[in-house]
Amino acid sequence: MKSNSPGIFISFEGIDGAGKSTHIERFAQLLQERYPNREVIISREPGGTPLGERLRGLLLDAPMNLETEALLMFAARREHIAQVIEPALQAGKIVISDRFTDASFAYQGGGRGLSLSKLNDLEKWVQSRPDGSLLQPNLTILFDLPGEIAQSRRSKVRAPDKFEKMDLNFFEKVRQEYLRRSQEDPDRFYLVDATRTPEVIWDDLNALGQKVQIDV
Ligand code: TYD
C-alpha cells in the first residue's frame, strides 16, 4: 500500500444499510493484532472531533440548502483532518474512518446533485497538504449493494436520520456515484459485494486484512 506519511489511512464506505459498521471494529482488531506496535484508531464522519460531532448533529437532523450541507461536511472534515487524522498519520498510526470524502461525492453529489466541480474544489481545498499533495485514504473498502436490498436491511428499530429517510432513487444515485469514484481510482478501492451474508463478507475482509502490508 502506498503512503506518503508514516501512518496508514483506511476508509469504509457504502450506502446506508450496506452493513459496513459491523465490520469496522473487527477489521481494526485484526490490524491491531498483526501490527501490535502500531496504534489503530477508529473515527467517523461526519464527526471525529468535538466540533465535528456537533456539526454531525445538525447535518443528520436539520434540512438545509445543498451547498450549506456540503460546506458543513467539509468543515467537519477539515477539523477531523487537522485535529485527528494528520497528527495520527504523522505519528505512524493506522487510522480507520467510517466514511470520508467519497461519501460527500456519493450523497451530496450523486444523491442530491451537487456539481462534481464544486466537490472537486472542496476536496482540493480541504485535503491539500503542505507539500502540495492531496490527502486520500490509502485504502477504501466500499460495501456495494443495490439500494433496494439496503433499504430492506436498514434498521427498523432506530429512528432513521435525515439521509436514511430518502427514497430508493436517491440511494441508487448514491450507489452509482460511489461506483464511479471507485472506477476513477481503482488502486485505492476494494469492492465488497455486500449482498452476501456477514460471515462471508468477513472471510473476504479477513483475507484482505492479512494482505495489508505495513512497514513495522
Ligand atoms: P452513518 O455513517 O451511516 O452513521 P450511522 O450508521 O450511525 O447512521 O451516517 C452518516 C450519514 O451521513 C450517512 O447517511 C451518509 C451521510 N454523509 C453524507 O451525506 N456526506 C458525507 O460527506 C458523509 C461523511 C456522510
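The values are calculated or read from the model by the stated rules, or taken from the named source; none is laboratory data. As the structure is a computational prediction, the values presented were derived from the model and not from experiment. Methodologically, a virtual Cβ is constructed for each residue, glycine included, from the backbone with ideal geometry; neighbour enumeration extends over all protein chains shown. All accessible areas refer to the heavy atoms of the entire protein, side chains included, with ligands and DNA or RNA removed. Shrake-Rupley method; radii C 1.70, N 1.55, O 1.52, S 1.80 Å.
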If you go through segment 1-22, how many residues are open to solvent by less than 10 Å² (accessible area, probe 1.4 Å) and not aliphatic (A, V, I, L, M)? 6
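Can you tell me which of 94, 85, 81 is farther than 22 Å from residue 120 by Cβ, surrounded by 17 or more Cβ atoms within 10 Å (Cβ to Cβ) and touching a residue at least 24 places away in the same chain (Cβ under 8 Å)? Break it down stepwise before answering.
On the way: 85 fails: farther than 22 Å from residue 120 by Cβ; 81 fails: farther than 22 Å from residue 120 by Cβ.
So the residue among 94, 85, 81 that is farther than 22 Å from residue 120 by Cβ, surrounded by 17 or more Cβ atoms within 10 Å (Cβ to Cβ) and touching a residue at least 24 places away in the same chain (Cβ under 8 Å) is 94.
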Checked pairs for segment 170-195, first within 17 Å of residue 208 (Cα to Cα) and open to solvent by 60 Å² or more (accessible area, probe 1.4 Å), second hydrophobic (A, V, I, L, M, F, W, C) and at pLDDT 95 or above, C-beta under 6 Å and 6 or more apart or across chains, list as 191/142
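Which residue out of 145, 116 is surrounded by fewer than 22 Cβ atoms within 10 Å (Cβ to Cβ), within 28 Å of residue 209 (Cβ to Cβ) and modelled with pLDDT of 95 or more?
On the way: 116 fails: within 28 Å of residue 209 (Cβ to Cβ).
One residue alone meets the criteria, 145.
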When the residues of segment 54-63 are narrowed to those that are touching a Lys or Arg at 6+ places or on another chain (Cβ under 9 Å), more than 8 Å from the ligand (Cβ to nearest atom) and open to solvent by 40 Å² or more (accessible area, probe 1.4 Å), which ends up nearest to residue 81 (Cα to Cα)? 61
What tally of residues in segment 19-53 results from selecting those that are of a type in the set (A, V, I, L, M), within 16 Å of the ligand (Cβ to nearest atom) and more than 17 Å from residue 137 (Cβ to Cβ)? 1
Residue ranges of helices (runs of 4 or more DSSP H) in segment 99-216 with at least 2 members closer than 30 Å to residue 29 by Cα and among the basic types (Lys, Arg): 168-184
